[in-house]
Amino acid sequence: MEIGPILRALSRNKLGVILISLQIAFTMTVMVNAVFIINERSKLMARPSGLDEPNTFYLSSTGFGDQFNSQVTERDDLELLRNTPGVIDATPTNAIPISGSGSSDGLRIENDPTLPATPAAVYFTDEHSVNTMNLTLIAGENFSASDMTYQSSNERRYYRKAIVTLALAEKLFPEEGLAAVGKSFYRDQAPVQIVGIVERLQAPWPNSFFVEQAMLVPLNFTDATSTYLIRTEPGQRDRLMVEIEETLAGNNPDRIIRGLKSLQETREESYRLDSSMATILLVVIVTLVFITSMGIVGLAVFGINRRRKQIGTRRALGATQLQILRYFMLENFFVSGVGVSIGAVLTIAFSIALSSLFEMPTMDWYYTPIGMLLLIAIGQIAVLGPSARAAQIQPAIATRSI
Amino acid sequence: MFLYYLRLSALSYRRNPILSSLMVMAVAIGVGAYMVIFTLNFVMGGDPIPQKSDQLFHVQLDSGNPNTQDDPPKQLTYLDATALIQANSAYRETATSKISGILEPEGDGIRPFSIVGRGAFADFFPMFNTPFLYGDGWDQSADRDLQQVAVLTKELNERLFGGADSTGETVRLHGNNFQIVGVLDDWAPVPKFYDINNGAFDGSEEIFIPWNLIIPLDFPRNGNTNCWKTPEAGPDGFLNSECVWIQYWVELRSGDDEAEYLQFLNNYAAQQKEFGRFPREMNNALFNVEEWLMKEEVLPNETKILSALAAMLLAVCLLNTIGLLLSKFLGKSGEIGVRQALGAHKGSLFLQHVIEAGFIGLLGGILGLAIAAAGLEGVKVLLGDNLMITDWIHLNPTVVAITLVLAVLATIFAGFYPIWRACSINPAIHLKTQ
Amino acid sequence: MLEMKNVRKVFRTDMVETCALDEFSLTVDQGEFVTITGPSGCGKTTFLNIAGLLETHTSGQYLLDGVDVSQLRDYARAKLRNQKIGFIFQSFNLMPDLNLFDNIDVPLRYRGMKSAERKERVDKALDSVGLFARKKHVPAQLSGGQQQRVAIARALVGEPLFLLADEPTGNLDSNTAKGVMALLEEINDSGTTIIMVTHDQSLAEQSKRNIHILDGRISNNTEQTQQKAAAAA
């Protein structure tokens, strides 16, 4: 084999080796870490909220003036909404999942404020919430209309019943599982009974560490602003968004309707930074691979042109086209090998730096070797064209003077 | 000679158009991508009020939960904010909170709409150097006497009064009439340092009213409210609670004032401890604007990560450029030899090729500007229009200048070794035909 | 004018020292037309490179116009090349992407001459080789003989002390070569010293003086004064 001569020839062109291998190393560092970040973000974005997102939207009504009666308005609105054809159900709520804005409470299983509390998102809503949000009640039962209480949002809040997510139940009562139904926890030094457990419902803050810990509470605020979450039959959402906004805005001069939005839009907005980051990183990766490939092609062409006569001589001495091709492919393989070895060190160092500086999870072990193989493959593909051209060089060139 | 070398550079470009264009592209992509990230950092990490950022201080009083170990709350309780205002111990000071309300325009032209506003004290405007289009902020007497006065932003004034001077007119907000005393000119500090806990990159509120009116007129609070202890029942429960929802800023004129004011805060906290409040150890804090932005890490991690990645991308592009310049300049050995024979000394050859590298860098920089502009448009599309910074993401003159200088210098830097190699070849070798 | 005393050139890069200059001594006076001959690659080119200040010699003394150039640095050597020496190469070595005017302009640029004077001189030089009308053309648009005329114009434009010609007719057919030689003789007649390396024995015989180099030493130094001297008289 010609490994010896290739390595000796390379050792006489150290700068070329350094230039290409450093490019490959940096490209690999950026690519592998970027792919890891993209995957992490995609995992975050793929978590379900628990709701029937494609068929759900919401809007707010804010009253003004002395004539406005919020409780009557809310009751009439909900009745109208629930009786609108195409609407599956509607519920009042203080917060919208994934939206980034809501309330939370600290829960304890004993009535002692010095103990650490378990945080949970609270949705102040009514007995239609389970159906509207399309939640799966896996234990216990739903609220009834008689459970509802009404208060001003500035008052000290009282509630005695809650439907919690399975994640929250397991956090509060780790050993009990679904048997947590019927048990009570304390908030604000008063007991609250778990009447039901739903499989999944996310908190309004996608980046929160307790995003799966949420609960529904049968309490409604008497403030001038009401927010309604509305679930429609499939395909009806866009039509109903327009119609319902018009109807509600028209039937009461003392209020305005605002904040009409579908849950899909809300998801896009909340995860915008994550999805932007993923897109930007993808562009960076493509650009880098392109630039590095061009660099490999450029230097390979330069090297081959410089050695045209030598290649012709080799052909004249009996080298087959395949052997010429193999020579340049092997040469690139060795240079890439140096590059991905430096790249592996840089990749791991960069990933450690990222995870320690920005509280990001550490990269799985297999990213680095896959990245190494991928970059070697990219190098081989990039050098294929120039090598094939080199193999086409005529042996006769050896006898010509120029 | 400079122009002559520039012309030679252009001719040399034409001789190897593909190689030269590859170089220009490599420089353009590297610099362009770097400048996209640089612009984001430049806009998001800039000093929002450079004239006074070391005189404006964010006040933190540690009224927090004794069962946790975290930093003092970022906002103040109603009790503490009103007490500090009454003590009046700073050169200028303001308590300020975000509110919302329904604005009912006069006549039937515009339907009522919901609006985000801010309660503030008279000092707010001179403290933060807010520019006025018409009128001015209100007097301190308006704060004391609960006068229903308001300052509008330029946009709201456009919307309500078509941009005319509206001072003296009234607006109906949250069921009450307010007399307009001033209209702001464009004002949107980035980051929005005076209220970063409600979104460091949010836009300005649209209307400003005396903070003292928030409670008596029962305005809905629109910002972040944090309670470590549930308020007592009753109408005054919330006001007397440990809920924090008020930002507090003071303007101090010297380092001595800063120490003095911190002492004042500590004295106040000590006094409150005697009433059974402030259960934690004394930990009050004063941060000036820059310190506060730094401490709160307003720059998202994403832009920091992207900065590092963009720097590596630039490095790859420059390594690429070194390789390509090496090919190009070594290919010019013949010309270099002839020029030496014709009397060019090494210095002038070096200069010629530095200018040639700079020329390629300049072309790369110009193309890089286009790439940066396109990249920033792309970022805007990705971020959507709900972030106010999108208005600020564009190529300002500083960024344009930095891009061009960076491209030229980086390419010349990348060219040093290739130029040195090409110029140190014995000219005689290349003069003889082989 | 050009005086070499015991000049030696040793190549260290190669193990063998076959073709260097060895104790090479030569004096060339103002107005001479000297041809240098010798077997392929045996010190001719090395002599030319040293005489043209393209290479340094290892030992010995080289006086150019009375100045000892042995110790000069690159900057001073470049200045001397620019002002006192004109080069003519076998393969012309014109800049492919400069037009004729700009090609001839190059040495004057390095001399830092004012634009008006450069233009006057270049135009005159172009005119003297009969290519004024084509001054906007690039070298590739010319025949070999025309290209060599441009190269000669470029060598002359700075009014050098002497011309160094390295096989100036080597790439030309015999008719064209004759024309180029006639031009060189004309130049020599008007007072410019010419030192020409060639392996064409007939050209060597035409010149006033022929130096034959063998293994880095002068083996034969003949004055051929007959025809030219007669012509001059």
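The values are calculated or read from the model by the stated rules, or taken from the named source; none is laboratory data. These figures come from a predicted structure and were not determined experimentally. Heads up, the Cβs are rebuilt from the backbone with ideal geometry, glycines too, and the neighbour counts pull from every protein chain shown. All accessible areas refer to the heavy atoms of the entire protein, side chains included, with ligands and DNA or RNA removed. Shrake-Rupley method; radii C 1.70, N 1.55, O 1.52, S 1.80 Å.
Each Lys and Arg adds +1 at its Cβ and each Asp and Glu adds -1 at its Cβ; summed about the Cα centre, the protein assembly as shown shows a dipole of about 7560 debye. Given R0 = 30 Å, the distance between the Cβ atoms of A:E141 and A:S208 translates into a calculated FRET efficiency of 0.60. When the charge dipole of chain A is built from unit charges on Cβ atoms (+1 for Lys and Arg, -1 for Asp and Glu) and taken about the Cα centre, the candidate among A:G250, A:G16, A:V32 whose Cα reaches farthest toward its positive end is A:G16.
Taking only DSSP H segments of four or more residues, each worth -39500 (n - 2.57), what value at 222 nm results for chain C once the sum is divided by all its residues, to the nearest 500 deg cm²/dmol? Don't jump to the answer; show the numbers that get you there.
Working: 8 runs with 88 residues, N = 233.
Helix contribution divided over all residues of chain C: -11500 deg cm²/dmol.
A convex hull fitted to the Cα coordinates of segment A:69-253 yields 122 cubic angstrom per residue.
The phi-based Karplus calculation (6.51 cos²θ - 1.76 cosθ + 1.60; θ = phi - 60°) puts the 3J(HN,Hα) values of segment A:95-102 at 8, 10, x, 6, 6, x, 9, x Hz, whole numbers, x for Gly and Pro. Of all beta bridges that DSSP places with both ends in the protein assembly as shown, some 70 percent have antiparallel geometry. Using the Cβ of C:G112 as centre and a radius below 11 Å, the other residues enclosed give a net charge of +4, where K and R count +1 and D and E count -1.
Among beta bridges from DSSP that stay inside segment A:69-253, the antiparallel ones total about 60%. Which values of log₁₀ I(q)/I(0), to two decimal places, follow from the Debye formula for chain C at q = 0.11, 0.15 Å⁻¹ with a uniform point scatterer at every Cα? For chain C at q = 0.11, 0.15 Å⁻¹, log10 I(q)/I(0) is -0.56, -1.05. As a length-normalised measure over Cα pairs under 8 Å and 6 or more apart, the relative contact order of segment A:195-347 settles at 8 percent.
By the Cβ distance rule of under 4.7 Å, chain B has these cysteines without a partner: B:C317, B:C423.
Exposed loop sites here are GluC sites (Glu not before Pro) in DSSP loop states with at most 14 other C-beta atoms within 10 Å. What is the longest stretch of chain B lacking them? Don't jump to the answer; show the numbers that get you there.
Values: sites that count: B:E106, B:E232, B:E281, B:E297.
It runs B:298-434.
Taking every DSSP bridge with both residues inside segment C:2-232, close to 50 percent are antiparallel.
Expressed as a fraction of 2.2 N^0.38 Å, the rule-of-thumb size for a compact globular protein of N residues, what is the C-alpha radius of gyration of the protein assembly as shown? Before the final figure, lay out each step's value.
Numbers: Rg = 42.1 Å, N = 1069, 2.2 N^0.38 = 31.1 Å.
The reported ratio for this selection is 1.35.
Each residue of segment A:329-338 was assigned a 3J(HN,Hα) from its phi angle through the Karplus expression (A = 6.51, B = -1.76, C = 1.60, θ = phi - 60°), giving 5, 5, 4, 4, 4, 5, 5, 4, x, 4 Hz with x at Gly and Pro.
Less than 5 angstrom separates the built amide H of A:L107 from those of A:T118, A:A120, all sequence-distant by 5 or more or on a different chain. Along the charge dipole of the protein assembly as shown, which of A:L135, B:A341, B:W249 sits closest to the positive end, that is, farthest toward it, with unit charges on the beta carbon of Lys, Arg, Asp and Glu (+1, +1, -1, -1)? It is B:A341.
Short to long, the 20 Å bins of the Cα pair-distance histogram for chain B hold 22, 38, 23, 14, 3, 0 percent of all pairs.
Please tell me the relative contact order of chain B in percent, rounded to the nearest whole number, where contacts are Cα pairs under 8 Å and at least six residues apart. Write out the running numbers ahead of the final one.
On the way: 741 pairs, mean separation 123.4, N = 434.
Contact order relative to length: 28 percent.
Let me spell out the model: positive unit charges on the Cβ of Lys and Arg, negative unit charges on the Cβ of Asp and Glu, origin at the Cα centre of segment C:2-232. What dipole size does that give, in debye rounded to 20?
On the way: 27 positive and 29 negative charges, 152 e Å.
My answer is approximately 740 debye.
Close amide H contacts of B:E242 (hydrogens built in the peptide plane, cut-off under 5 Å, sequence separation of 5 or more or a different chain): B:K229. Taken about its Cα centre, segment A:69-253 carries a charge dipole of about 320 debye when Lys and Arg each add +1 at the Cβ and Asp and Glu each add -1 at the Cβ.
Determine how many Å³ per residue the convex hull of the Cα atoms of segment B:120-278 encloses. Could the numbers behind the result be given before it?
On the way: hull volume 22.8 nm³, N = 159.
Here the figure is 144 Å³ per residue.
Under the rule of -39500 (n - 2.57) per DSSP H run of 4 or more residues, summed and divided by the residues of chain A, what mean residue ellipticity at 222 nm is obtained, to the nearest 500 deg cm²/dmol?
Values: 11 runs with 195 residues, N = 402.
Helix-only estimate at 222 nm: -16500 deg cm²/dmol.
Run the numbers on chain A and let me know its relative contact order in percent, using alpha-carbon pairs under 8 Å that are six or more apart. Relative contact order comes out at 27 percent. Compute a Gaussian network model of chain B, connecting alpha carbons closer than 10 Å, and tell me which residue from B:Y248, B:Y194, B:Y78 fluctuates the most. Most flexible of the set in this elastic network: B:Y78. Between the listed residues C:T176, C:N210, C:F132, the Cα displaced farthest toward the positive end of the dipole of segment C:126-232, a dipole computed from Cβ unit charges relative to the Cα centre, is found at C:F132.
Heavy-atom accessible area, probed at 1.4 angstrom with all protein chains present, ranks A:M372, C:M196, B:M312 as A:M372, B:M312, C:M196, highest first.
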